[in-house]
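Working notes for the structure below.
The values are calculated or read from the model by the stated rules, or taken from the named source; none is laboratory data. Here the structure is a predicted model, which means the values were calculated and not measured. So basically every Cβ, Gly included, is an ideal-geometry build from the backbone, and we count neighbours across all protein chains shown. Only protein heavy atoms, including side chains, enter the accessible area calculation; ligands, DNA and RNA are left aside. Shrake-Rupley method; radii C 1.70, N 1.55, O 1.52, S 1.80 Å.
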Amino acid sequence: MNRTSPAPSTTPTVDALVEAVLAGEHGPLPSGLVATSVFWIHHGTRLAGGDTTYLNQYVLVRLGGSFGGCAFEAGEIDPSICRDSSGTPLDVLLREAPRPLRIAALDAYLSETRPHRLAAEEGDAEAVTLPAGTPEVRAKARDAAVAGLLDIEEGAKVGLIGVVNPLIAAIRERGGEPLPCDLNLKATQWGDPVTDDMHEVLDRADAVVATGMTLSNGSFDTVLERCRSRGIPLIVYAQTGSAVARAFLGSGVTALSAEPFPFSQFSAEETGLYRYRAVGGA
């Protein structure tokens, strides 16, 4: 469960990955592929016992037998993108689309060229089944699976870039001290202050857990570079761009919880996620 693909020879950035995909370095040329369907989902969630309503928007791309997804902030794109972009050649989306749609298209391509289930069958990922049940039961199981990728000492400071309250609890259960950072929240469920300055968190943390939303808002490259330069583990938990984040295993990302679409919050039945660890990772 700890083998990964060789690290890319180019500087590890999202733009470099896009260029490599466009050049056919990761599979078939995107110019010969079509995004059959582009759609989006807007939903809100408030877990029992919490006072935070999570509002999420996702744009999704269907490519062959795979989906790619990317969360985005309100107002970044509008529903007309579904009409305008469905049936578009994939290389056009990778070059010209708004960033969230570019990330979703890239995720769809990398998911199609190597599905997470195939990586699990080949021993490169660990398939984790989330139990059927209420949103609270499923969220707790999901975030415990993410926290299980952390190998930390008691009292270690864990930067959390993108706050989810059950993950705060899971980090504490493993002996870590969360350093929460989020652009939309001011406090955790327990009243812990949440900063919007990720640089402060990246400077103090002994390990970092970042959401795939960093791919959408353009901060992923900064988080990746800072963790690499400091030599600290970077764990990514991704619904957004789960296959995109996988491409950076061993090049700054030490572990990944990848949850491809359909995401856990859209079902009360058993669903799966996939945990990856880089060689010598966290």
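Structure values in brief
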quantity	calculated
Thr11 at pLDDT below 95, farther than 26 Å from Leu183 by Cα and assigned to a loop (DSSP other than H, G, I, E, B)	yes
Members of the stretch 197-227 that are of a type outside the set (S, T, N, Q), open to solvent by 10 Å² or more (accessible area, probe 1.4 Å) and not in a helix (DSSP H, G or I)	Asp197, Asp206, Gly218
Count - residues of the stretch 72-96 that are in contact with a Gly (Cβ under 9 Å, 6 or more places away or on another chain) and open to solvent by 10 Å² or more (accessible area, probe 1.4 Å)	2
Contacts under 7 angstrom Cβ, first residue in the stretch 221-246 being among the basic types (Lys, Arg), partner outside any helix (DSSP H, G or I), 6 or more apart	Arg228/Gly252; Arg246/Leu256; Arg246/Ala258; Arg246/Tyr276
Qualifying residue in the stretch 39-48 (condition: closer than 26 Å to Trp190 by Cα, open to solvent by 20 Å² or more (accessible area, probe 1.4 Å), more than 19 Å from the chain's Cα centre (by Cα) and touching a residue at least 40 places away in the same chain (Cβ under 8 Å))	yes
Within the stretch 22-38, tally of residues that are of a type outside the set (Asp, Glu), open to solvent by 50 Å² or more (accessible area, probe 1.4 Å) and over 20 Å from the mean Cα position of the chain (by Cα)	7
Some residue of the stretch 181-194 being in a strand (DSSP E or B), open to solvent by 30 Å² or more (accessible area, probe 1.4 Å) and touching a residue at least 40 places away in the same chain (Cβ under 8 Å)	no
Unmet requirement for Gly133, which otherwise passes all of (1) open to solvent by 50 Å² or more (accessible area, probe 1.4 Å); (2) of a type in the set (Gly, Ala, Ser); (3) in contact (Cβ under 8 Å) with a residue 12 or more places away in the chain	(1)
